[in-house]
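Laboratory data are not the source of any read-out in this text; all were calculated from the coordinates shown. Note that the coordinates shown come from a computational prediction; the quantities given were computed from them, not determined experimentally. Heads up, the Cβs are rebuilt from the backbone with ideal geometry, glycines too, and the neighbour counts pull from every protein chain shown.
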Ligand code: ARG
């Protein structure tokens with residue numbers, strides 16, 4: 001790294017949001033990435049970290065994939081292993097794909113429809129392969145004869161997925177699903193050849209269909225990718241595959257990562273956590289650094305869930321009182337402020353989705369510090385003019401700061417909250433994600449966040465508000481246990497509606513009804529501050545993931 005490169009001004013603040021910085025298309029060299037933590041898994045069926053899903057784009061191909069596109073088109077899957085988008089019939093219940101010719105695994109064996117079907121079968125073996133998304137299970141399983149996956153039930157099971165020939169695959173869903181192409185873009189459906197499957201250990205030596213394969217993985221310290229000699233550029237419309245190697249250094253503390261990144265030792269923070277406080281402080285006085293920084297929205301919503309099954313929050317007026325009493329500015333500061341916290345919001349959908357609408361059902365006054373008169377009127381209507389005592393659930397760290405800001409907000413109208421901290425590691429599985437835990441501690445309010453697993457209205461909102469998706473055993477995202485028949489019905493109508501414009505309107509109606517219930521108090525649409533090193537070319541924040549699209553990038557120094 002020459003000093004000259006490091007002094008050169010970058011493309012500008014936010015230049016890689018919605019556009020490509022340093023487009024070059026130049027091949028060769030080594031892209032150098034850094035991460036504080038190791039991958040959750042290199043088995044494509046067992047990963048859920050967003051940044052590992054982006055890493056998977058280098059290693060694996062799927063029937064559909066999000067295109068290499070920084071604009072709104074990036075949100076719509078395009079054919080990858082498939083020749084065209086899924087052909088839907090029977091009211092979005094049957095989806096058929098045809099594979100391209102000439103695609104091979106990195107061991108040279110051809111990819112067939114059976115390998116895609118086998119990947120789908122593996123998802124059913126959650127006892128052996130936990131960790132990834134499971135949207136396909138309820139869509140494809142027969143509740144009268146549940147399929148337990150290929151290890152316990154063999155390969156003949158799962159009659160809902162058919163492979164009439166080596167290039168055709170047909171999915172027969174139990175219920176219509178308009179976003180099926182998005183599910184076919186998740187890493188968990190990357191083809192897996194049965195001959196190479198080692199079950200729980202597959203992530204140690206996975207077969208690959210993408211431009212790269214794993215050359216070396218030292219757990220907790222290094223992951224090196226090299227070119228896959230059996231990948232054929234001519235069959236891949238998505239991946240430019242510029243560098244010869246991708247080298248990931250793992251296991252640094254966040255401040256050290258920032259320093260070495262800024263010093264030019266690494267090109268991009270793969271994990272996408274964003275610059276920490278110390279590095280942020282350097283930006284204001286350093287125009288060169290600032291010109292290499294991006295501040296995109298991550299599409300995560302931070303919110304407080306209000307629990308109608310915990311009195312007095314069973315009364316909608318009580319829930320509305322909390323909404324009106326919220327000091328939105330204080331809450332935004334608790335999240336980290338406008339740059340690293342996010343944009344204040346009174347609606348739910350991230351701005352990139354078509355259904356995003358201006359909605360402010362519970363105004364908080366002209367200064368956004370809370371409309372205390374409106375809050376008191378709601379408490380009056382609930383028969384609790386003097387307020388009440390309740391408990392707010394949270395975890396230590398950033399969520400704790402939000403809880404404290406809620407406490408301060410509602411104290412002004414006589415609502416006296418105590419804070420209950422739950423374990424961080426099990427927060428979403430057994431804490432906030434467990435209806436039982438919520439009842440045990442009597443948590444009337446809960447601090448949480450959520451990002452969609454695929455960028456559609458269904459992907460974003462259904463897990464939070466569909467009554468049929470409540471998981472009583474834990475891992476529940478519909479924390480308020482909202483189960484409104486009218487909302488459920490609108491969601492179902494959306495799933496068999498083919499016309500996107502009609503679907504957009506249906507989802508706007510769902511969002512309005514959810515806000516009427518006042519069970520979700522939206523705070524901010526999350527933002528992060530990312531640094532792009534001067535050696536990296538073809539850099540942009542992928543709209544479907546909110547992080548840099550690693551697979552699109554190259555380097556200036558191609559030796
Ligand atoms: N839906 C999960 C959450 O909100 C994960 C979201 C990000 N991961 C992903 N692969 N899309 O925590």
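The alpha carbon centroids of the range 165-201 and the range 523-557 are separated by 28 Å. Here the range 313-440 has an Rg and Dmax of 15.4, 42 Å, counting Cα atoms alone.
Subtracting the Cα-Cα distance of residue 440 and residue 408 from 0.36 nm times their residue separation leaves 9.1 nm of extension gain.
When Rg and Dmax are taken over the Cα atoms of the chain, they come to 24.1, 74 Å.
Across all directions of projection, what mean area in square nanometres is found for the Cα convex hull of the range 259-368?
On the way: hull surface 39.5 nm².
One quarter of the hull surface, i.e. the mean projection, equals 9.9 nm².
One Cα centroid belongs to the range 385-456, the other to the range 489-508; the line between them spans 32 Å. The Rg/Rh ratio for the range 363-438, using Cα coordinates for both the radius of gyration and the Kirkwood hydrodynamic radius, is 1.05. The relative contact order of the chain comes to 23 percent, based on Cα pairs under 8 Å that sit 6 or more residues apart.
With both bridge residues required to lie in the chain, what share of the DSSP beta bridges run antiparallel, to the nearest 5%? In the chain, DSSP labels about 75 percent of beta bridges as antiparallel.
In the range 364-507, what is the volume of the convex hull around the alpha carbon atoms, normalised per residue and reported in Å³?
Numbers: hull volume 22.2 nm³, N = 144.
Residue-normalised Cα hull volume stands at 154 Å³.
Note on the chain: helix-only mean residue ellipticity at 222 nm, from DSSP H runs of 4+ residues weighted -39500 (n - 2.57) and normalised by residue number, equals -7500 deg cm²/dmol.
Rounded, prolate or oblate: which fits the range 40-79 when a ≥ b ≥ c are the square roots of the eigenvalues of the alpha-carbon gyration tensor, with rounded for a/c under 1.5 and prolate only if a/b beats b/c? The shape class here is prolate.
Using packing as a proxy for protection, rank 206-217, 526-537, 350-361 so that the peptide with the highest average count of other Cβ atoms within 10 Å comes first. The partial results should precede the final answer.
Working: 206-217: 21.5, 526-537: 23.2, 350-361: 16.0.
Descending mean neighbour count gives 526-537, 206-217, 350-361.
Placing a label point 7 Å from the Cα of residue 282 along the Cα-to-Cβ line, the residues of the range 9-38 whose backbone N sits under 19 Å from it are 9-14, 32-36.
Quick one: in the range 20-115, what % of C-alpha pairs are over 17 Å apart?
Numbers: 3078 of 4560 pairs.
The calculated P(r) of the range 20-115 puts 68 percent of pairs beyond 17 Å.
May I ask you to give the average projected area over all directions of the convex hull of the Cα atoms of the range 151-249, in nm² rounded to one decimal?
On the way: hull surface 36.0 nm².
Orientation-averaged projected area of the Cα hull: 9.0 nm².
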